[in-house]
Every structure is written in structure tokens, then in C-alpha cells.
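*Asks:* Questions regarding the structure given below will be posed in turn.
Please treat every number below as a calculation from the coordinates, not as lab data. What you are looking at is a predicted structure, and each value in this text was computed from that prediction instead of being measured. A quick note on method: Cβ atoms are made from the backbone with ideal geometry, for glycine too, and the neighbour counts reach across all protein chains shown.
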Amino acid sequence: MKKIVLLISMFVFAGSMAYAQGYKIGDKAINFKLKNVNGKMVSTGDYTDTKGFIIIFTCNTCPYSIKYEDRIIALDKKYKTKGFPVIAINPNDPEVQPDDTFDKMVKKAQEKNFTFPYLYDPDRKISAVYGATKTPHVYLLSKNGNELTVEYIGAIDDNYKNAEQVQKKYLEDAIDALLAGKKPTVSYTKAIGCTVKKKS
């Protein structure tokens, strides 16, 4: 009896650990609905003609995220017409980082003329489900019917400091592979950025 209880406990612990660690390549991603900076709710289920999504956890304040803002806009402009729009989500707790409030997100989106939804995750549940630990942190999803599959996780490219000196465009290469009917050659890289700001 003790062995059975122990085995059950081990399975429960393993399951909770997998959830805590977030998505892995090949996992099925949940649909979500969060508030956009325009005041409207946005859900992955709202998009009917997409081939997938570029989900990017980013914020107002991280120097890495700020460096990538123009590149994220360019990615959205390049790929949303090909079926892979950007959806940005702010994972930071504004009680820990006061410059990441919803009102300041609205201001940021207006100042930068974001071409994509910039969503507020008030209780950080979606960020936790994905396992986002950095800003920026990328999750590339493919779509088959109503099913979303994680195809790439990690960094946008290999040089956050200077877009002109980028050698490897990890995210673009992964999207191009999916558009060609293939799996990404590189499906995981280490996300480079600030740690997500949350209560310990």
C-alpha cells in the first residue's frame, strides 16, 4: 500500500513539475483570452485564417525588450500576411515593476506604433503556463484546425545589441521552415533578456 501511495505521489509531483516548467517543443498550447492595449479582449481563437502565432513575452522596461521592439514590429509586418502574426504579452507584475502597468503599456504601444496586440496578463497565469522566464521570450506555434503546437522556443536572434550584426535569425528560420512544410532545424535556443518580474 505504501508503495502505491509513493508511486502516485511521484506521478503527481512529476506532473506538477512539468506544468511549472512550462511548454516544451511538441506540446499543445492552450487558447487564451487577454486584454489588449486598445481595451478589447484578444484570443488566439479569434484568428481564423492563421497558420500559427509568434507569441512573444516582452515588457515596457527591459533593455533587451526595448532593443528588440523595432525587430518585433518588422517580424509582425513580414509574417502576419503569411499567416504568422505576432501576439505580445507582458508577463511582469506591475507591483514589482511599476513601469509595467496597463496604462504604461498603452503609452508604450502608442509611442512605438505597435502593429500587433500587446496583451496584459493580470495574474500572470498565461506566462506561467508557457513557462516564460525572460523578456523577450519567444514561443512559435503552428496551427492545425483548433490545435496549437509549440514548434520553437527561445531567442529572436543571436545579437540583441545590434540588428545589423545578427548572424543567426533563429525565429525567422523557424517560421520559414514551417512555411515550407518542414520542422525547424533549430527548435530551441536560450532566451536572452531580463528575468520576468514577479513576487517571489
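*Asks:* Hey, got the dipole for the chain? About the Cα centre, +1 on K and R Cβ, -1 on D and E Cβ, debye to the nearest 20?
*Replies:* 420 debye
*Asks:* Please tell me the relative contact order of the chain in percent, rounded to the nearest whole number, where contacts are Cα pairs under 8 Å and at least six residues apart.
*Replies:* Taking the mean separation of contacting Cα pairs over the length of the chain, I get 26 percent.
*Asks:* Next question, about the same structure. Under 16 Å between alpha carbons, and skipping anything fewer than 8 positions from K108 in its own chain: which lysines qualify?
*Replies:* Reachable lysines: K35, K67.
*Asks:* Expressed in nm to one decimal, what extension gain is obtained for the pair D158 and D103 from 0.36 nm per residue of sequence separation less their Cα-Cα distance?
*Replies:* 16.7 nm
*Asks:* Given only helices, namely DSSP H runs of n ≥ 4 each adding -39500 (n - 2.57), what is the per-residue ellipticity at 222 nm of the chain, to the nearest 500 deg cm²/dmol?
*Replies:* On the way: 5 runs with 64 residues, N = 200.
-10000 deg cm²/dmol, from helical runs alone.
*Asks:* If you don't mind, there's one more thing I want to ask. Tell me, for the chain, which Cys residues have no other cysteine's C-beta sitting closer than 4.7 Å.
*Replies:* Within the chain, the cysteines lacking a partner Cβ under 4.7 Å are C59.
*Asks:* Please list the three semi-axes, largest first and in whole Å, of the ellipsoid equivalent to the chain, using sqrt of 5 times the eigenvalues of its alpha carbon gyration tensor.
*Replies:* 27, 22, 17
*Asks:* Is there a pair in K33/K169; K143/K182; K28/K199; K51/K77 whose C-alpha atoms are over 20 Å apart, and which pairs would that be?
*Replies:* K33/K169; K28/K199
*Asks:* Kyte-Doolittle cut-off -0.5, length cut-off 20 Å along the helix's own axis using Cα: show which whole DSSP H helices in the chain pass.
*Replies:* Both cut-offs are met by 2-21.
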